[in-house]
Structures are given as C-alpha cells and as structure tokens.
Amino acid sequence: MSRVRPGRIVSWTLLFIGGVIMITPIIFMLSTSLKDASQVYDLRVIPAAPTLDNYIEILGDGRFTRWFINSMIVAGIVTISNVFFDSLVGYTLAKFKFRGRYLVFIAILSTLMIPTEMLVLPWYLMASQFGWVDSYWGIMFPGMMTAFGTFLMKQFFEGVPDDFIEAARIDGLNEFTIWWKIAMPLVTPALSALAIFTFLGNWTAFFWPLIVTTSAELYTLPVGLSSFAVEQSIQWEKIMTGASIATLPTLLIFLFLQRYIVRGVMLAGLKG
Amino acid sequence: MATIELDRLVKRYGQTTVVHGIDLSIRDGEFVVLVGPSGCGKSTTLRMIAGLEEISGGEIRIDGRVVNDLQPKDRNIAMVFQNYAIYPHMSVAENIAFGLYRSKLSKAEKRQRVEQVAGTLGLTPYLERRPSALSGGQRQRVAIGRAMVRDPAAFLFDEPLSNLDAQLRTQMRIEIKRLHHRLGTTSVFVTHDQVEAMTMADRIVVMRDGRILQVGTPLELYEKPVDIFTARFIGSPTMNLIPASLRDGGADLSVGGSVRVPHATATTSDILVGARPQDLIPTSNGAQGLTVSGTVAVVETLGSETLVHIESGGQTIIGSAPGREIPRIGEHLTFHAPAERLYFFDKATEKALAAQ
Ligand SMILES: Nc1ncnc2c1ncn2[C@@H]1O[C@H](COP(=O)(O)OP(=O)(O)O)[C@@H](O)[C@H]1O
Ligand SMILES: [Mg+2]
C-alpha cells in the first residue's frame with residue numbers, strides 16, 4: 001500500500017473546489033432552462049415541474065435557428081481562415097531566411113499589444129467605408145488572421161526539422177506542397193489548439209458582432225440571445241435555454257478534437 | 001551514374017569563409033568519403049553539391065554540366081540525412097514512394113519499384129508500418145530506400161550512421177558498401193569517423209578548416225599521410241610521434257636512440273618521427289629501426305591484440321603485443337618498429353618530409 005501524499009490531497013481539494021465553482025453556473029443554466037417562467041426565481045436545482053417547453057419554443061423559433069447558423073458560418077470560416085493563413089505566415093517566418101523577416105515578425109507581434117477596444121472604432125470606420133456593415137464579411141474580417149495564431153504556428157514550425165523540408169525539396173516537391181503535405185501534418189497539435197481557441201473565441205464573440213450588425217437576420221447567437229434580454233422583460237428561462245443549446249457545439253467540438261490533440265502530441269514526441 | 005567535379009568551390013557565410021576553394025574530381029561509380037573533424041565544412045560541401053546551399057564561388061559540375069544555379073530537384077541526386085528525414089505521419093511505403101514524387105511512372109509501376117527496393121533492404125514486412133514502429137536501423141534503411149527508388153545520378157550521405165549504436169553501425173556500413181557494389185552509383189559519404197572512412201571509401205578526402213588536406217585511397221592515407229593531422233587522424237590508436245633532431249643521414253630521438261632518415265629536407269632540424277602502434281611490437285632484437293624501452297603503464301586487452309602503453313623518458317608510447325600475451329603493469333619492455341615503417345614530419349610545418 002502506498003501512502004497518499006499530503007500534496008496530493010491539497011491539489012485534489014483545490015481541483016475539486018475549482019470544478020464545483022465552474023460547474024455550478026452550468027448546472028443552474030440547465031436547471032433554469034427546464035423551468036417555466038413562474039419558477040425562474042425559485043432557486044431549486046432540480047426544478048419542481050421540469051418542462052421541455054422552452055426548448056420546443058426556442059428550436060421552433062426561426063430566429064434562433066438563424067442565429068445558430070450565423071454563428072456556425074462565422075466561427076467556421078474564421079477558424080478555417082486562421083488555420084490556413086496563420087500557419088502559412090508562421091511557416092514562412094520560421095523556415096525562410098529573407099531580408100526583413102525579423103521586422104515583419106516584430107510588426108505582427110506588436111499588434112498583440114493593442115486592445116480590441118481601441119481597434120473597434122477604426123474597424124467600424126473601415127467597414128462602413130467599404131460597405132461591409134451588416135454583412136457576414138463585416139463580422140468576420142477583423143479575425144480572418146490573428147497575430148497570436150501566427151506567433152503560435154511560427155513557434156511550432158520552428159520545431160519541424162530542416163532535414164524534413166530539404167529531403168522533400170530534393171525529391172522535387174514545391175514549397176507550397178512541402179508546407180501542406182510535410183510541415184502541416186507535423187504540427188497537428190498546434191493546429192487543433194489554434195482551431196479550438198479560434199472557434200470558441202468567435203462562437204462566443206459578442207462586442208464586435210453587436211456593433212457591426214443591425215438587422216436581426218445577421219445576429220450571431222450571443223447577440224441574438226442578448227436581444228431576448230432587452231425585448232419586453234428579461235426572459236431568463238429563454239436565455240438559459242438558448243445558452244444551453246449554444247454550449248453544445250463547443251462541447252462536441254472539444255470532445256472530437258481532443259483525440260487529435262492526443263494523437264498530435266504523440267506525433268510530436270517521435271524523435272530520431 | 002555520374003561524375004562530380006568541384007572546381008575552386010567556395011562557401012561564405014557573411015564575412016566568414018567556411019569552404020576555401022576546394023578542388024575535387026569524383027569518378028563515375030566511385031565511393032568517396034569526406035572525413036574530418038566536426039565543423040570542417042564537410043556537410044556544407046555536400047549540401048552545395050545537393051543544391052541545398054548556395055555557392056559563393058567556383059563551380060560544381062555533375063556529369064560535365066555546370067549545376068551551380070540548378071534547384072536540388074533538377075540535379076537528379078538523392079540524399080540520406082543523419083536524422084533519416086522520414087515522415088512520421090506516413091507509412092514506410094509512402095515514405096519510400098516520396099523518392100518517386102516527380103517520376104512519371106504509373107501508380108502500379110511506382111508500387112512495384114517501392115516493393116522491389118523494400119525487398120532489397122529487407123523492409124517488405126514493414127511496408128505498411130509507421131516509422132515510429134521501426135528500429136533506428138530500419139528507419140535508416142527506409143531513408144536509403146527513398147534515395148534508391150529513383151535510381152539517381154549520385155547518392156549523398158551526411159553522417160547517416162551516427163545515430164545508430166556501434167553494432168548496427170558496423171552492420172549498416174557493410175550493407176551500404178554492398179549496395180554500392182551492386183548499384184555502382186557514384187556516392188559521396190560524409191563522416192567524422194575515420195573507421196567508417198577507411199572501411200567504406202574507394203577514396204578518402206581529408207578535410208580540415210574548410211580545406212582539403214589529402215585525397216587518396218585508404219591505404220595511401222595510412223601509408224603516406226602528407227602531414228601530421230592526417231597521420232594522427234587515420235588509424236587507431238593514433239600514431240606515436242617522437243620529437244627528434246635531424247643530422248645528416250639520420251635523426252637522434254628524444255627516446256629510443258637514433259634512426260636513419262632518407263632525404264632529409266626540413267626547415268629546421270626539429271622533426272617528429274612517427275610510428276603506428278601496430279608497427280611497434282615487443283622484440284629483443286635491435287635491428288634497423290626504432291627501438292623504445294620503458295615500463296608498462298596501461299594495458300588494453302582487445303583479444304586480437306593487446307595495446308601496451310609504456311612510459312619512456314617522460315613520454316607515453318603505445319605499442320601492440322599479440323592478443324594472448326598480456327604484459328604486467330610495471331614490467332620493463334622493449335618495442336621495435338622496422339625502419340621502413342617509420343614516418344617523418346617537419347615539426348614547424350607539420351608536413352611529411354620529402355618522399356621516402
Ligand atoms: N548557416 C550557417 N551560418 C553560419 N555559419 C555556418 C552555417 N552553417 C554552417 N556554418 C559553419 O560552417 C562551418 C562548417 O560547418 P559544417 O559544414 O556543418 O561542418 P561539418 O559538417 O564538417 O561538421 C562550421 O564552422 C559552422 O559553424
Ligand atoms: Mg556535418
């Protein structure tokens with residue numbers, strides 16, 4: 001029998017407390033979504049008279065479905081764009097020695113230090129000049145590439161051995177194919193991480209989509225849900241039902257990509 | 001198959017020159033080994049031949065054609081890297097097939113080539129495996145297979161065996177040698193290991209500080225090293241060098257009496273007399289040649305022979321005794337090397353004295 005070390009107990013306790021703190025709002029969200037309007041302020045966790053009426057109503061409401069699809073489109077396209085362009089630029093910065101490379105890298109990094117609040121105004125001015133306000137492109141364009149993603153991918157591509165690239169060059173692959181067929185598969189852990197961060201960030205994004213959209217058909221899910229709060233009175237049970245449905249894709253995507261993360265880490269661990 | 005010629009080849013990184021205008025002519029089908037200590041410019045030279053590194057000066061010709069400005073893929077060479085450079089996310093078959101990336105063969109023909117090469121290298125049972133499920137030796141074989149499958153004009157190897165353990169290295173050495181014998185493809189092999197160089201090369205190119213010191217067959221380098229560096233680099237254990245001073249017709253050694261020196265033309269009278277441990281054997285007869293006596297300090301038993309370190313006049317000299325004769329530490333021993341097996345070097349220039 002091995003004795004349980006005190007450090008173990010402390011860390012388990014802390015993890016347990018942290019877990020409870022994090023899961024409580026989710027439980028309340030689910031519980032509230034199963035209550036009707038009259039029970040919302042009855043704080044019992046298990047609803048006295050659970051009902052699926054909210055779900056039926058929300059899912060039957062064309063607006064909600066529209067917002068859900070909008071969020072999918074925006075988060076999906078932005079994620080694909082980031083995975084593609086961040087890694088393309090990251091790879092170039094990591095593996096090609098060209099004049100001014102360092103300067104470009106610093107310029108990209110320095111944009112990380114500008115807070116979003118400062119960028120929203122220029123973004124909006126730009127969007128309105130180009131006529132992008134109230135369009136998918138208007139919601140998506142600021143996030144199509146990120147400095148953070150570029151930086152992350154550059155760091156990972158630096159770990160790809162030059163031999164791999166040179167061997168491919170000798171075999172006659174062109175530079176784009178080398179990136180796509182050789183380098184990209186070797187950084188799957190980073191790609192999954194980038195994809196998850198980007199998708200989650202855009203799925204839950206609120207501030208910019210709120211500013212750039214005016215018509216309800218273009219709302220993303222968070223913007224749409226918040227509109228429940230300002231119509232008439234605050235309908236908590238509707239908001240919570242919407243939120244419950246909104247968390248579902250993130251949960252699924254995380255569970256799905258987790259496998260890739262594990263496999264990716266194993267790939268990266270393979271040494272010569 | 002092809003000839004490779006380097007003509008006053010220079011490589012500079014910014015202000016520093018790492019390859020100082022080397023000339024080398026490699027014959028069709030020859031197995032040439034570039035050997036030298038780490039950092040002497042072997043890899044840089046090989047990479048310039050491959051086209052992975054730009055040439056700062058001079059010319060490279062493959063089969064008589066100047067390739068200075070050709071892309072690696074247009075030089076029809078294949079390269080095997082130290083870290084194998086096989087892709088962990090592809091199977092063995094896919095990795096080998098990469099060598100045929102630009103080939104116009106049909107899918108079926110490619111598959112057939114891959115299987116044929118895998119057969120040659122004993123990889124047939126592993127074709128569908130991932131590299132992670134292979135041993136180091138098997139991975140290196142995959143890398144060689146990838147190079148072979150295309151039937152290139154020349155093979156370039158950059159220290160392909162240094163990640164393998166000693167036993168595998170010996171085995172792969174023989175396999176590569178055998179393959180070369182069968183395929184007859186011009187090969188340039190880079191290593192810092194003189195044993196690899198000696199055992200594999202048709203000709204060895206000894207490099208140091210970005211320059212070629214000597215080119216020759218293994219035996220030529222062993223018997224007629226042009227300078228102290230090559231003399232000590234080739235052969236194991238390294239050659240004994242005993243300070244001596246020149247007088248007409250001979251030299252007085254700091255230990256071991258005096259020897260006759262043919263054709264003495266040195267800058268000063270200070271020379272070094274060299275004797276390989278294998279040539280210094282225990283004897284009682286003091287005929288012509290070098291005779292050293294001293295007390296045994298260290299004995300290295302190898303089985304086939306016994307290396308004996310003796311202390312004499314403040315110097316340690318290594319000789320060899322037959323395998324089953326093991327001298328005791330502290331014992332007094334006399335070693336003798338015949339006159340025709342001695343080497344003579346100018347101490348100031350480190351060059352060999354004029355031909356014996
Ligand atoms: N990209 C580079 N930039 C600057 N110096 C380099 C570069 N690559 C190699 N060198 C230098 O060139 C010399 C020769 O290197 P290399 O050909 O790799 O040696 P070897 O293969 O014989 O060990 C070394 O001194 C090394 O530091
Ligand atoms: Mg090297």
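The values are calculated or read from the model by the stated rules, or taken from the named source; none is laboratory data. As the structure is a prediction and not an experimental result, all values here were calculated from the model. For neighbour counting, all protein chains shown are included, and Cβ atoms are generated from backbone atoms with ideal geometry for every residue, glycine included. Please note that ligands, DNA and RNA were not included when accessible areas were found on the heavy atoms of the full protein model with its side chains. Shrake-Rupley method; radii C 1.70, N 1.55, O 1.52, S 1.80 Å.
A simple spin-label model places pseudo-atoms 7 Å from Cα toward Cβ; at B:Asp74 and A:Ser227 they are separated by 5.9 nm. If R0 equals 35 Å, the separation of the Cβ atoms of A:Leu255 and B:Ser135 corresponds to a calculated FRET efficiency of about 0.45. The apolar share of the surface of the protein assembly as shown, taken as the fraction of accessible area on carbon and sulfur atoms (1.4 Å probe, ligands and nucleic acids excluded), comes to 60 percent. A DSSP coil position with no more than 13 other Cβ atoms inside 10 Å describes the following GluC sites (Glu not before Pro) in the stretch B:1-54: B:Glu54. What's the buried accessible area, both sides, between A and B using a 1.4 Å probe, rounded to 100 Å²? So the total buried area for this chain pair works out to about 2000 Å². Shape of the stretch B:237-346 from the C-alpha gyration tensor: prolate (a/c of 1.5 or more and a/b above b/c, with a ≥ b ≥ c the square roots of its eigenvalues). Nearest-5 percent of antiparallel DSSP beta bridges in the stretch B:135-233? Around 50 percent of the beta bridges assigned by DSSP in the stretch B:135-233 are antiparallel ones.
With every protein chain kept in the model, how would you rank B:Asp227, A:Asp42 by accessible area, 1.4 Å probe, largest at the top?
Working: B:Asp227 10, A:Asp42 45 Å².
The ordering from most to least exposed comes out as A:Asp42, B:Asp227.
Here B:Glu109 and A:Lys181 are evaluated by their C-beta separation; at R0 = 22 Å the FRET efficiency comes out at 0.55. Taking the 0 to 90 degree range and rounding to the nearest ten, how far is the long axis of helix B:136-148 tilted relative to the main principal axis of chain B, both from C-alpha atoms? Here the helix axis deviates by roughly 60 degrees. Please state the shape class of the stretch B:35-106: rounded when a/c is under 1.5, otherwise prolate if a/b exceeds b/c and oblate if not, all from the C-alpha gyration tensor. Because a/c hits 1.5 or more and a/b fails to exceed b/c, the stretch B:35-106 counts as oblate. If you wrap the Cα atoms of chain A in a convex hull and average its projected area over all directions, you get 21.9 nm². Heavy-atom accessible area, probed at 1.4 angstrom with all protein chains present, ranks A:Trp12, A:Trp137 as A:Trp12, A:Trp137, highest first.
Computed with a 1.4 Å probe over protein heavy atoms only, the accessible area of B:Asp151 comes to about 110 Å². Taking every protein chain into account, the 1.4 Å probe leaves A:Phe98 with about 80 Å² of accessible area, to the nearest ten. Residues in chain A average 57 Å² of solvent-accessible surface per residue, probe 1.4 Å, ligands and nucleic acids excluded.
Computed from label points 7 Å out along Cα-Cβ, the spacing between B:Thr16 and B:Glu325 is 5.0 nm. Per residue, chain B exposes 45 Å² of solvent-accessible protein surface, assessed with a 1.4 angstrom probe and all protein chains in place.
Exceedance of the 30 Å cut-off in Cα-Cα distance is limited, within the set B:Lys110/B:Lys177; B:Lys42/B:Lys104; B:Lys11/B:Lys107; A:Lys154/B:Lys110, to B:Lys42/B:Lys104; B:Lys11/B:Lys107; A:Lys154/B:Lys110. For chain B, the longest principal axis of the C-alpha atoms and the axis of helix B:166-183 are separated by about 60°.
Rounded to the nearest 5, the antiparallel percentage of DSSP beta bridges internal to the stretch B:4-226 is 55%.
Taking a Cβ cut-off of under 14 Å around A:Lys97, the surrounding Lys, Arg, Asp and Glu residues balance to a net charge of -2, with basic ones at +1 and acidic ones at -1. Seen through its C-alpha gyration tensor, with square-root eigenvalues sorted a ≥ b ≥ c, the stretch B:114-237 comes out prolate because a/c lies at 1.5 or above while a/b is bigger than b/c.
For chain A, the longest principal axis of the Cα atoms and the long axis of helix A:221-230 meet at an angle of about 30 degrees. Note on the stretch B:166-221: Cα Rg divided by 2.2 N^0.38 Å, N the number of residues, gives 1.18. If you take the alpha carbon atoms of the protein assembly as shown and fit the smallest convex hull around them, that volume is 276 Å³ per residue. Sorting B:Leu246, A:Leu173 by solvent-accessible area of protein heavy atoms yields B:Leu246, A:Leu173, largest first, with a 1.4 Å probe. The convex hull around the C-alpha trace of the stretch A:1-51, projected and averaged over every direction, spans 5.2 square nanometres. Could you list the square roots of 5 times each eigenvalue of the Cα gyration tensor of the stretch B:62-172, that is, the equivalent ellipsoid semi-axes, sorted largest first and rounded to whole Å? The equivalent ellipsoid of the stretch B:62-172 has semi-axes of 23, 19, 11 Å. Note on A:175-182: average number of Cβ atoms from other chains within 10 Å of each residue's Cβ is 1. Within chain B, all pairs of alpha-carbon atoms sorted by distance into 20 Å bins from zero give the percentages 26, 46, 25, 3.
About the centre of its Cα atoms, the protein assembly as shown shows a dipole size close to 720 debye [charges on the beta carbon of Lys, Arg (+1) and Asp, Glu (-1) only; nearest 20 debye]. Solvent-accessible surface (1.4 Å probe) assigned to A:Asp163 amounts to roughly 30 Å². Taking every residue in B:79-88 and counting other chain Cβ atoms within 10 Å of its Cβ, the average works out to 6.
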